[in-house]
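Okay, so here's the structure we're looking at.
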Amino acid sequence: MGWMSRFLAAVTFLAIGVIFSPETFGSKLEDQHPPKISTLLKLAHLLCFSTAWGAALWVTFIGGIIMFKNLPRHQFGNLQSKMFPAYFSMVGVCCAVAVAAFGYLHPWKASTAAEKYQLGFLMAAFAFNLSNLVVFTPMTIKMMKQRHKIEKEANIGEETGWTKNQEVAKKNPKLAAMNKKFGMIHGLSSLANIMSFCSLAMHSWYLAGKIDL
């Protein structure tokens, strides 16, 4: 994931530059962008936003739940440990591109209050995803592997759901303590993911108000 982190950092600095110094990139406060450039930026914004929002919807409310209910827990956890870094990287890049495009099309000094709020929602979605990618996901994966080791010693982990884990944890203080630590970090990761999804949902409402069907 090294190249992805570098790419994400580059796109992030570009987005920040567009927001705080739009003139450097040719953005005009009079909103007189060349039609082709404006259309391309709108297309990039829509594609990246819709990709981020659709991926967040699927992973958060559909795909993850289906996998949890149908895969052995250790297999599910190992799969998630591979999927989530890629998921947060992709959504992070998409949010950064959406921020850059929106910031270019709506320079801060000439933006309305509504446009500034929307830029804030997009930046919040990016920040929450970045926190997951850099902080919460690595911690969650590390604790998951530690818990898997404890569960294997107790001969559990190949079942679906949490039944055996909870039963064994009542008699195993080590597993109970690890469950508590894992639950806290995983909870923060889930909260950041939900906040990102909600921020993107707010932007979808804004975009829907702009569409004339």
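The values are calculated or read from the model by the stated rules, or taken from the named source; none is laboratory data. As the structure is a prediction and not an experimental result, all values here were calculated from the model. Heads up, the Cβs are rebuilt from the backbone with ideal geometry, glycines too, and the neighbour counts pull from every protein chain shown.
So is G77 in a helix (DSSP H, G or I), over 22 Å from S189 (Cβ atoms) and in contact (Cβ under 8 Å) with a residue 24 or more places away in the chain or not? First the steps, then the outcome.
Numbers: in a helix (DSSP H, G or I): yes; over 22 Å from S189 (Cβ atoms): no; in contact (Cβ under 8 Å) with a residue 24 or more places away in the chain: yes.
So G77 fails the test.
Within region 170-183, can one find any residue that is touching a helix residue (DSSP H, G or I) at 6+ places or on another chain (Cβ under 7 Å), crowded, with 16+ Cβ neighbours inside 10 Å, in contact (Cβ under 8 Å) with a residue 60 or more places away in the chain and assigned to a helix (DSSP H, G or I)?
no
Here is a list of conditions, (1) over 14 Å from G77 (Cα atoms); (2) under 29 Å from the mean Cα position of the chain (by Cα), and K174 meets all of them except one; can you say which number that is?
Going through (1) over 14 Å from G77 (Cα atoms); (2) under 29 Å from the mean Cα position of the chain (by Cα) one by one, K174 breaks only (2).
Looking at region 88-132, which of the residues that are polar (S, T, N, Q) and part of a helix (DSSP H, G or I) is surrounded by the most Cβ atoms within 10 Å (Cβ to Cβ)? Give the steps one after another, and end with the answer.
Going residue by residue through region 88-132, those that are polar (S, T, N, Q) are 89, 111-112, 118, 129, 131-132.
With the extra rule that they be part of a helix (DSSP H, G or I), the set shrinks to 89, 118, 129, 131-132.
Values: S89: 20, Q118: 21, N129: 31, S131: 19, N132: 26.
Among those that are polar (S, T, N, Q) and part of a helix (DSSP H, G or I), it is N129.
So I37 clears everything in (1) β-branched (V, I, T); (2) more than 30 Å from K149 (Cα to Cα); (3) at pLDDT 95 or above except one condition, right? Which one?
The one condition I37 does not meet is (3).
Can K142 be described as surrounded by fewer than 17 Cβ atoms within 10 Å (Cβ to Cβ), assigned to a helix (DSSP H, G or I) and more than 20 Å from the chain's Cα centre (by Cα)?
On the way: surrounded by fewer than 17 Cβ atoms within 10 Å (Cβ to Cβ): yes; assigned to a helix (DSSP H, G or I): yes; more than 20 Å from the chain's Cα centre (by Cα): no.
No.
Consider L119 against the criteria (1) in contact with a Gly (Cβ under 9 Å, 6 or more places away or on another chain); (2) over 23 Å from H203 (Cα atoms): it satisfies all of them except one. Which criterion is unmet?
Of the numbered conditions (1) in contact with a Gly (Cβ under 9 Å, 6 or more places away or on another chain); (2) over 23 Å from H203 (Cα atoms), the odd one out for L119 is (2).
Which members of region 68-84 meet the condition of being under 29 Å from A124 (Cβ atoms) and surrounded by fewer than 16 Cβ atoms within 10 Å (Cβ to Cβ)?
Of everything in region 68-84, those that are under 29 Å from A124 (Cβ atoms) and surrounded by fewer than 16 Cβ atoms within 10 Å (Cβ to Cβ) turn out to be F68, L79, K82, M83.
So which of S196, S204 ends up being surrounded by fewer than 16 Cβ atoms within 10 Å (Cβ to Cβ), touching a residue at least 60 places away in the same chain (Cβ under 8 Å), in a helix (DSSP H, G or I) and among the polar types (S, T, N, Q)? Full working, then the answer.
Working: S196 fails: surrounded by fewer than 16 Cβ atoms within 10 Å (Cβ to Cβ).
That would be S204, the only listed residue that is surrounded by fewer than 16 Cβ atoms within 10 Å (Cβ to Cβ), touching a residue at least 60 places away in the same chain (Cβ under 8 Å), in a helix (DSSP H, G or I) and among the polar types (S, T, N, Q).
Which pairs do you get when a residue that is touching a residue at least 24 places away in the same chain (Cβ under 8 Å), found in region 139-167, comes within reach of a residue that is surrounded by fewer than 12 Cβ atoms within 10 Å (Cβ to Cβ), reach meaning Cβ atoms under 8 angstrom, with the pair 6+ apart or on two chains?
From region 139-167, the pairs are T160/K69; T160/N70; G161/K69.
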